[in-house]
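Shown next, in structure tokens, is the structure this report addresses.
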Amino acid sequence: MAATGPMGFIGLGIMGYPMAQNLINGGGELVVWNRSTEKSLDLSDKNPGKVTVAESPREVIERCDITFSMLSTPQAVEATYFGSGDKSALEGVSKGKRIVDCSTLTQEASQASADAVAERGGLFLEAPVSGSKVPAETGNLIFLCGGDKSTFDIVRIPVPLGLPT
């Protein structure tokens with residue numbers, strides 16, 4: 001099942017920025033958020049009409065059926081998903097929203113995120129990547145997906161990012 005409308009992307013760091021760019025290069029439109037707004041604005045400026053900069057993680061998820069997140073540390077995931085009060089990512093999750101977390105986390109942290117998304121009616125796919133900046137730029141990341149098979153089938157990692165496993 002493809003996303004209807006734009007996809008979301010949270011986290012435009014060393015890995016996230018090129019991943020988001022590859023989604024755009026593959027014909028996608030994105031709603032993005034990053035802790036430092038400059039990176040979101042830069043992506044938008046380089047891709048006129050293809051990127052909407054959101055004011056919060058919540059807004060990204062509310063506006064998109066599928067949202068990818070690529071955050072740098074477990075602390076960044078905690079702050080983005082569970083923090084920020086009513087602007088947190090989890091506040092945007094409702095029935096049927098799909099979250100694909102590409103961050104590298106501990107099993108406990110990933111399970112906490114998955115449980116919180118499920119409690120709100122959303123679907124969660126743990127999808128950390130194998131690769132670094134160059135594979136992210138060239139769309140050659142390997143996604144190590146964990147979660148419910150039906151969720152994997154619904155989300156399907158877009159080809160411009162890499163290969164799902």
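The values are calculated or read from the model by the stated rules, or taken from the named source; none is laboratory data. None of the values given here were measured: they were computed from a predicted structure. Note that we place each Cβ from the backbone using ideal geometry, even for glycine, and neighbour counts take in every protein chain shown. What goes into the accessible areas is simple: the full protein's heavy atoms, side chains included, and nothing from ligands, DNA or RNA. Shrake-Rupley method; radii C 1.70, N 1.55, O 1.52, S 1.80 Å.
Using the Stokes-Einstein relation with a Kirkwood hydrodynamic radius computed over Cα pairs, the translational diffusion coefficient of the stretch 1-99 at 4 °C and a viscosity of 1.567 mPa s comes to 99 µm²/s. With all protein chains kept in place, the per residue accessible area of the chain amounts to 47 square angstrom at a probe of 1.4 angstrom.
Here the sum of -39500 (n - 2.57) over DSSP H runs of 4 or more residues, divided by the residues of the chain, equals -9500 deg cm²/dmol at 222 nm, to the nearest 500.
For the stretch 1-123, a crude dipole built from +1 on the beta carbon of Lys and Arg and -1 on the beta carbon of Asp and Glu, taken about the Cα centre, is about 240 debye to the nearest 20.
In loop segments of the stretch 16-115 as defined by DSSP, the GluC sites (Glu not before Pro) with at most 16 further C-beta atoms inside 10 Å of their C-beta are Glu29, Glu55.
Here is the list for the stretch 75-165: trypsin sites (Lys or Arg not before Pro) lying in DSSP coil, each with at most 12 other C-beta atoms within 10 angstrom of its C-beta, are Lys95. Carbon and sulfur together cover what percent of the accessible area of the stretch 15-165 at a 1.4 Å probe radius? With neighbouring chains kept in place, the figure for the stretch 15-165 is 51 percent. Computed over all pairs of different Cα atoms, the Kirkwood value for the hydrodynamic radius of the stretch 17-165 is 15.3 Å.
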